[in-house]
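Chemist: There's a structure below that I have some questions on.
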Amino acid sequence: MTETNHHQSHILGFPRIGSHRQAKKAVESYWREEISLAELEKVGQQIEEHNWKLQADAGLDYVTVGDFSWYDHVLDTSALLGVIPERFGKHNGKVDINTIFCMARGQAPKVQETTACEMTKWFNTNYHYIVPEFTEQQTFHLASDVLFNAIDRAQAKGYQVKPVLLGPLTYLWLGKTKGKDFDKLTLLKKLLPVYQEIINQLNAKKIHWVQIDEPILILDLPKAWQDAFVEVYKQLDFKQVKSLLATYFGGLEDNLAVVKKLPVDGVHLDVSADAEQLSQLAAQIPADKIISAGVISGRNIWKADLNKLSQVLHDAKKTLGARLWIATGSSLLHTPVDLDNETKLDAELKNWLAFATQKVHEVAVLANILNQGQTSFSRELSENQAALQSRQHSTRIHNATVQQRLASLTKQYAERKNAYAKRALAQHKVLKLPLLPTTTIGSFPQTKEIRVIRQDFKAGHIDAQTYIQKIREQIADVIKRQEHLDLDVLVHGEAERNDMVEYFGELLQGFAFTSNGWVQSYGSRCVKPPIIFGDVYRPKPMTVEWSQYAQSLTKRPVKGMLTGPVTILAWSFVRDDQPHATTALQIALALRDEVVDLEKAGINVIQIDEPAFREALPLRKNHWQEYLDWAVHCFRVSASGVQDETQIHTHMCYSEFNDVIDSIAKLDADVITIESSRSEMELLKAFESFSYPNEIGPGVYDIHSPRVPSSPEIVTQLENAIKYVPIARLWVNPDCGLKTRNWPEVEQALTNMVSAAKSLRTKYNQESASLEELPSREA
């Protein structure tokens, strides 16, 4: 069939971790120097080839190539374009994989360790990318053959290859300036020739279509960037290669006017995120261009309504004819690999779900329906509708008690008894902490011994009493180590927790869990998000026993550790049959019950982590306020059931806070800890023009790197922090949990951190802040 009478089908990308996390296991073995580079590359090629075959066997017209990565696709783009900061050495030729790993982690085999590049969230997902660093004198050159080698291998197998590239404007937008601030658009003159060189190589390989990802087109763009799109795509000469400009995670809105003017051959829309934009663009796009309709969500795990979507596509076909393609909304990177790997999930729930492999088949079925008619696929449509009806009418979804509690909420549920200034005095009397109190974010190393304990209990190899005793031994060890380190506020170490969201989901009603539903978070870090399928409530206490035991071992305060409602929501696959705000409020009430029980058990410091608070913002500012209102409300509901003497902490990481600082203050947490080490305290600039009223703990060292910072380095970080935060309200802590690190790294880093705090206490000649100064001192 030709494009004149056939609706083409494709996906924007497929998970690269492997169906059983082969990539994670291989790369970590390589970092430990247990396998060679050749052995590592073989694993990667096997994953790629499996993914290509899956797409081809499903009947997709194009196999997507270039979506595999050992760490991060934005970092790979930096390698492709030769954007390597000077601290990683000179790279005038090709960039090797060890340099890439060193940029990501600060460390790699046979490479001198140094400070890793900054990491931040990929749009509003839970995926992290490595931030490109640009100087005013930045140069670019074609510095990697990885993409071209993958194309050669795929073509050798006979596949119709569609390479994927991160577009030049999105790449620049995602980066940061170093040295001094400047307009990143000035780099286009030097960047575009390298993109042209890539396009020329694609032409030489007789590529038919190339996917150019420009997801920033769903953001609020300054006019200069909107104008740059037209200029950039006029300058790029695709020659015989056809260009598919891909947007995802939202709607074009005002940028539709930009896109319809671009000299590209096609535009991809994430219809699953914004259904209205398909008809809007179809009515305006020139008659020689195609539209790729991303009707299958790349973000959730629910079966698509194939009847409904086929009608959407048939409506679009009336305008577009065969210029209509069918695709996923975004890359399937954000979904688990294959539902068939779930052998323990109950049949009813499993029948409601679709993972990446199943979504590939949903795309193929919709394309076939469009090309051949519904009657040829009546069995598939009938089975799909039966699954949707089963979910809609299941008695497992709704709980009358939960719904009645939501209906009875009053304003007082979201208010502490007194304002921070009065609470701070009460907390100071109870906790008696020194100036610059030291603490950690919550987790300590998840050693092999801890993992074995949990696995043995889960498998039934040890009974509950033995499991409790073994976990208590781990807690006692962590408390002893922290006292030896002389930390001021301790944690129990979270030995009992597999994941900061999964742990709570397993103890709450309305959640379900997979055995192999892994999704990449960053690098080799994978998470297994819970599935929220029904109304949420807490049947019994979740953390109280562990926290109470930890507190019994020490006279120092031990923090109770909880994950907040927005983060549990954001890092789960969430039901789509009610507003997210309603589900979040259900979670908040369950957490409120836990907070109150922790206080009753003698826990005076309780941390409710909300690392996803900023990341969950809608991508368009005109939708922000609605989200911020319910997100703040849910946090306050979870935290406001305690007395003044109980100190509420929260933690946020890898986010730009400037634009939501007012809402963060409205959370009214007594202490907020934030990531700021990789950005050299740049995040604290948000506090220059906003007098944050409560206490702040900026992360003083990067836990995502194995590199141990020296005490003088941490002193420098704290001195920078004191420029923005009054020392009387400043805490000292790492920038995130220590779960992924090993004990030698952790103990040395925390020793240096405590030493730095003590040296500054001496310098400022105060053992602790005065009571009057604590709540009110200005910077």
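The values are calculated or read from the model by the stated rules, or taken from the named source; none is laboratory data. All figures in this text were calculated on a predicted structure; none of them were measured in a lab. Here Cβ is always computed from backbone atoms with ideal geometry, including for glycine, and neighbour counts include all displayed protein chains. Note: accessible area is taken over every heavy atom of the protein model, side chains too, but ligands, DNA and RNA are not part of it. Shrake-Rupley method; radii C 1.70, N 1.55, O 1.52, S 1.80 Å.
Chemist: Report relative contact order for the range 577-638 in percent, whole number only (criteria: Cα-Cα under 8 Å, sequence separation at least 6).
Modeler: 59 percent
Chemist: So, one more: Using 0.36 nm per residue, how much length does the chain from Lys176 to Gln284 gain when fully extended, once their Cα-Cα distance is taken away?
Modeler: Going from the current span to full extension adds 35.4 nm.
Chemist: Taking H as built 1.01 Å from N, whose amide H comes closer than 5 Å to the amide H of Lys176, not counting residues under 5 places away?
Modeler: Here Glu133, Phe134 satisfy the definition.
Chemist: If you don't mind, there's one more thing I want to ask. In nanometres, what is the gap between the two model label sites at Ala275 and Lys763, each 7 Å from Cα along Cα-to-Cβ?
Modeler: 5.9 nm
Chemist: In addition: What residues qualify as long-range amide H neighbours of Ala116, i.e. H under 5 Å apart, gap of 5 or more or another chain, H built at 1.01 Å from N?
Modeler: Long-range HN contacts for Ala116: Gly106.
Chemist: For the range 1-46, what is Rg from Cα atoms divided by 2.2 N^0.38 Å, rounded to two decimals?
Modeler: Here the answer is 1.81, to two decimals.
Chemist: At 37 °C and a viscosity of 0.692 mPa s, what translational diffusion coefficient does Stokes-Einstein give for the range 17-170, taking Rh as the Kirkwood radius over Cα pairs? Give it in µm²/s as a whole number.
Modeler: Approximately 198 µm²/s, per Stokes-Einstein.
Chemist: Could I ask something else about it? Output the relative contact order of the range 159-264, whole-number percent, from Cα pairs under 8 angstrom with separation of 6+ residues.
Modeler: 34 percent
Chemist: Jot down the per residue volume, in cubic angstrom and as a whole number, of the convex hull over the alpha-carbon atoms of the range 358-516.
Modeler: Output value, Cα hull per residue: 265 Å³.
Chemist: For the range 429-535, compute Rh as the Kirkwood radius over C-alpha pairs and then the Stokes-Einstein diffusion coefficient at 10 °C and 1.306 mPa s; write the answer in µm²/s, rounded to an integer.
Modeler: After rounding, the answer is 98 µm²/s.
Chemist: Only residues of the range 344-360 count here: report those whose backbone N is under 13 Å from the spot 7 Å along Cα→Cβ of His50, or say none.
Modeler: Label zone hits: 357.
Chemist: A follow-up question, please. Cα-based Rg (one decimal) and Dmax (whole number) for the range 576-625, in Å?
Modeler: 14.6, 43
Chemist: Something else about it: If you take the charge dipole of the range 253-390 about its Cα centre, with +1 on Lys and Arg Cβ and -1 on Asp and Glu Cβ, which of Val337, His314, Gln389 is farthest toward its positive end?
Modeler: Among Val337, His314, Gln389, the one farthest towards the positive end of the dipole of the range 253-390 is His314.
Chemist: Let me ask something additional. What percentage of the solvent-accessible surface of the chain, computed with a 1.4 Å probe over protein heavy atoms, is contributed by carbon and sulfur atoms?
Modeler: Carbon and sulfur atoms account for 49 percent of the accessible area of the chain.
Chemist: Tell me, rounded to the nearest percent, the portion of alpha carbon pairs in the range 1-91 spaced more than 16 Å apart.
Modeler: Roughly 65 percent, rounded to a whole number.
Chemist: From the gyration tensor of the Cα coordinates in the chain, what semi-axes in whole Å does the equivalent ellipsoid have, largest first, with each one equal to sqrt(5λ)?
Modeler: So the three semi-axes of the chain are 43, 31, 25 Å.
Chemist: Moving on. Can you run phi through the Karplus equation (6.51, -1.76, 1.60; θ = phi - 60°) for the range 249-258 and list ³J(HN,Hα) in whole Hz, with x for Gly and Pro?
Modeler: 6, x, x, 5, 6, 5, 7, 4, 5, 6
Chemist: Further, regarding this structure: Can you pull the Kirkwood radius for the range 206-261, inverse mean 1/r over Cα pairs, to one decimal in Å?
Modeler: After inverting the mean inverse Cα-Cα distance, the result is 12.1 Å.
Chemist: In a solvent-free Debye calculation with one equal scatterer on each Cα, what is log10 I(q)/I(0) for the range 314-381 at q = 0.12, 0.20 Å⁻¹, listed in the order of the q values?
Modeler: -0.42, -0.93
Chemist: Continuing with this model, one more query. Per 10 Å bin, what percent of the C-alpha pairs of the range 124-168 does each bin hold, from zero upward?
Modeler: 17, 36, 32, 14, 1
Chemist: Counting helices only, and only those DSSP H runs with n ≥ 4, report the 222 nm mean residue ellipticity of the chain as the sum of -39,500 (n - 2.57) divided by its residues, in deg cm²/dmol to the nearest 500.
Modeler: Per the formula, -12500 deg cm²/dmol.
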